[in-house]
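Structure, as structure tokens:
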Amino acid sequence: MGFSNRFSLIKQLTITGFKLRYRGSVLGYFWSLLNPLLLLLTLYIVFALFMKINIPNYPLYLLIGILTWNFLSEGTVMSINSMVSNRELIRKMKFPTQSIIISSCVASFVVFLINLLIFFLLMVILKVNIYFTAVVLPFYLIELFMLVLGLSLFLSALYVRYKDVIHIWNFFLLLGFWITPIVYSTDLVPFEYLRFYMLNPLARIIVDMRGALLDNFIPTLKNIFITTIISILTFVVGYVFFKKSSKRFAEEI
Amino acid sequence: MNVAIKLNAVTKNFSFYAKSENTLFHSFKSIFKRDKHVVISAIDRLSLEINTGEIIGIIGPNGCGKTTLLKIVGGILSPTKGTVKVMGKTLPLLELGTAFQESLSLKDNIFLYGSILGLSTETLKKRLTYIIDFSGIRQTDTNIKNFSSGMKLRLAFSIAKEVDADIYLLDEILTVGDEGFQKKCFVFFENLKRQGKTILLVTHDLSLVARECDRAILLDNGKLVADGESSSMVKKYLSIIINNDLKLVKKQLRVNKPVKELSLAFSKLRMLFEQLLMFKQFRNISNTILPFYNLETLIKNREAKKLFFGELRALLNFCYEHADEKEKLFIKNLVKNALQEELFPLENNEMMKIVVEDSKTVFDKEIKIKKVLFKDEMGVDGNVFETGKSMSIEIIYQALKDVKRPMFGIAIFDSTDHLITGPNTTFYNVTSESIKNSGVVTYVIKSLPLLKGTYKVSVSIYDELGSKPFDYHEKKYGFKVVEKDIKSLGGIINMDGRWIYK
């Protein structure tokens, strides 16, 4: 299959994914926005009103964390599920299987991007300054995409072999939500644990993205270097693992 | 010639756990205690070379590895051992329309299925109206969940047709769908042949393999049993089926009293079954009767005989209930023939009754067709003839009484059951005053005008007015025509005309 045909395939699969996802629902895309917004509201009530966390622009602070996390969890879960829903295709047709995963991730990414626009709209409404440092955002978006795609490829390939991957991953997502600085700041993490805490690549990306968007803060070169390496590595490992496993997909799924 | 596909000692094993599914917990447990691993060898050390432009039929019993072989060649499965070399692009068409999304529109599905088959969005946009036209579907603005399975099949085929590949892997797709669709499939297939594409064809339709393929590969239990000229492979396959069944029956019935008369009757019944099994819709129930289907040497005791007739009756009844008018007629004729040969023990059975009564009123056995022979110019009988050469059809009859001026007739049909010609002796003013005992009536064709294809023949003997049949064998006979010296004209007949310029 040539490059343009592969591109056509990913495009068609993505469009199909969108159509199937929002079929028969009145609000359509807005569910994809409503979910994080409702979560935002819940967390805001608990942490800002009850527990009195004192972080400036806390709703926006919270929202960027939630949206990023949402992209990760939705992207990976949708990818694993797409292996199930395209079971017959994988068993009976010849086509680059990774396009299923890529299109799932692209679909989640598009939703993420639209949600980010809402984020900026909210910034304007709340009259928060948009700093020049926000120009680094696209760079982080690419990193995030590679990270999520790599993870999705890895998990989906593993899922074909071991069907309990989905349950274990769901548990990890729940755990991950709380060991990533989404509702709180890294200042709360005891210093002796911080080194281990920052092994989580998403923690670094969220901290840096937030700094750039809300605090006029340029990420250090060291941080940029580390997150880039991790994203590329995740993608490469995921892709190679998927490619290697894909030979057995037709018989094992 | 260029090699298109080369398999070298290819083995494909499927392994799974006997008890449970693959889970992490299971793998963890198996570190300590190994679970029983079941390994099935779907393809076993298969070596094969296929040249560009060859039409290959792959035949063998269910589960012999036909589809697995196609999947390996098509790159859907990878071999456990051995190497596969495929030169050029393959298009595996294993099951049409697998990728359809029920809840999406026709157009969406065309784009989706097309791009999975490797077509670009631009191509699909250009060909969209053509694809819809070709599929013959009119309701273009509904979800395809409202479509019948036949419509979906036609749609999928119309899309797949647009893909340009070098090697086509077709799994039963020429034998599905309604008649019109099959014709379209066939035209497509003929076009591929003309373009010199390499085709691998998996089908249960053995006559299709014998007719359309140059070469056939016979698989059994994943092993290559034989590889060679298609019609001899088909014969070989039939003998394998029979042998397998014999083994099975031997196991089931441990009998060995020989009864000579029965063995003759059974061989005739087997032919009857073969004819019955040619009906596609009855093919899926063939498994239930297969063990009984060549009992020739085996059913030698009463028990087994009873079982056999019971099974036969059940099959006939089943077929009769599910048949349309045309097929009912066919079944009736089969039973009539069988009755004439006195093969059935007559019992109280409704369907049988109908047929028996029918046959009593219709047939009067004053004169019978004993045998029909097709002979070539040398007087050798066979069933393959050449266009332009002479051919004769001999009807060997036996009269029990004196029969006054009987009318002998034949009718020749093409493979789609269209009557080509139906000459009889009265029409040609060749009648003998009266006929006694046995004799031969011959219809001589000086130069056979029929072109390449298979033809069916009905033979009949009527009374002098043509109102009452003495004996009538409907499409019981057939022959094949090949073209050797002349260039293919296409169609059914060579009119032997000339072109003149002025």
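Which of the residues that make up segment A:1-38 are surrounded by fewer than 12 Cβ atoms within 10 Å (Cβ to Cβ) and either at the interface with chain B (Cβ under 9 Å from one of its Cβ atoms) or assigned to a helix (DSSP H, G or I) (or both)?
Once the filter is applied, which keeps residues that are surrounded by fewer than 12 Cβ atoms within 10 Å (Cβ to Cβ) and either at the interface with chain B (Cβ under 9 Å from one of its Cβ atoms) or assigned to a helix (DSSP H, G or I) (or both), segment A:1-38 yields A:Gly2, A:Phe3, A:Gly24, A:Leu34, A:Leu38.
Can you tell me which of (1) closer than 30 Å to A:Asn86 by Cα; (2) in a loop (DSSP other than H, G, I, E, B); (3) not small (Gly, Ala, Ser) is the one A:Asn216 doesn't meet?
Tallying (1) closer than 30 Å to A:Asn86 by Cα; (2) in a loop (DSSP other than H, G, I, E, B); (3) not small (Gly, Ala, Ser), A:Asn216 fails exactly one: (1).
Can we say B:Ile50 is touching a helix residue (DSSP H, G or I) at 6+ places or on another chain (Cβ under 8 Å) and among the β-branched types (Val, Ile, Thr)?
No: the conditions fail for B:Ile50.
Working only within segment A:56-86, note down all residues that are at the interface with chain B (Cβ under 10 Å from one of its Cβ atoms) and in a helix (DSSP H, G or I).
Hit for segment A:56-86 is A:Ser85, nothing else.
Within segment B:389-405, can you find the residues that are at pLDDT below 85, in a loop (DSSP other than H, G, I, E, B) and not hydrophobic (A, V, I, L, M, F, W, C)?
Selection gives B:Lys401, B:Asp402, B:Arg405.
How many residues, within segment B:130-186, are of a type outside the set (Lys, Arg) and farther than 28 Å from B:Ile5 by Cα?
27
Per-residue answers, yes or no, for (1) surrounded by fewer than 16 Cβ atoms within 10 Å (Cβ to Cβ); (2) touching a residue at least 60 places away in the same chain (Cβ under 8 Å); (3) among the polar types (S, T, N, Q):
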residue	(1), (2), (3)
A:Leu63	no, no, no
A:Val77	no, yes, no
A:Thr97	no, yes, yes
A:Arg161	no, yes, no
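Which residues, counting only those in segment B:106-134, are more than 21 Å from A:Ser82 (Cβ to Cβ), polar (S, T, N, Q) and more than 8 Å from every other protein chain (Cβ to nearest Cβ)?
B:Thr123, B:Thr129, listed by residue number.
Mind checking which residues of segment B:135-152 are in contact (Cβ under 8 Å) with a residue 40 or more places away in the chain and assigned to a helix (DSSP H, G or I)?
Once the filter is applied, which keeps residues that are in contact (Cβ under 8 Å) with a residue 40 or more places away in the chain and assigned to a helix (DSSP H, G or I), segment B:135-152 yields B:Ile144, B:Lys145, B:Lys152.
Scan (1) away from chain B (no Cβ under 14 Å); (2) assigned to a helix (DSSP H, G or I); (3) crowded, with 16+ Cβ neighbours inside 10 Å for the single condition A:Ile53 breaks and write down its number.
Unmet condition: (2).
Here is a yes/no grid of residues against (1) crowded, with 17+ Cβ neighbours inside 10 Å; (2) in a loop (DSSP other than H, G, I, E, B):
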site: A:Leu175; (1), (2): no, no
site: A:Ile182; (1), (2): yes, yes
site: A:Leu194; (1), (2): no, no
site: A:Ala203; (1), (2): yes, no
site: A:Val207; (1), (2): yes, no
site: A:Arg210; (1), (2): yes, no
site: A:Phe225; (1), (2): no, no
site: A:Tyr239; (1), (2): yes, no
site: A:Glu251; (1), (2): yes, no
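Which ones in segment B:88-105 are assigned to a loop (DSSP other than H, G, I, E, B), more than 7 Å from chain A (Cβ to nearest Cβ) and closer than 21 Å to B:Asp133 by Cα?
Taking segment B:88-105 first, the residues assigned to a loop (DSSP other than H, G, I, E, B) are B:88-89, B:94-104.
Narrowing the set further to residues that are more than 7 Å from chain A (Cβ to nearest Cβ) leaves B:88-89, B:96-97, B:100, B:102.
Within segment B:88-105, B:Leu96, B:Gly97, B:Phe100, B:Glu102 meet the criteria.
The values are calculated or read from the model by the stated rules, or taken from the named source; none is laboratory data. This structure is a prediction, so every number in the text was calculated from the model and none was measured. Virtual Cβ from ideal backbone geometry, glycine too; neighbours counted across all protein chains shown.
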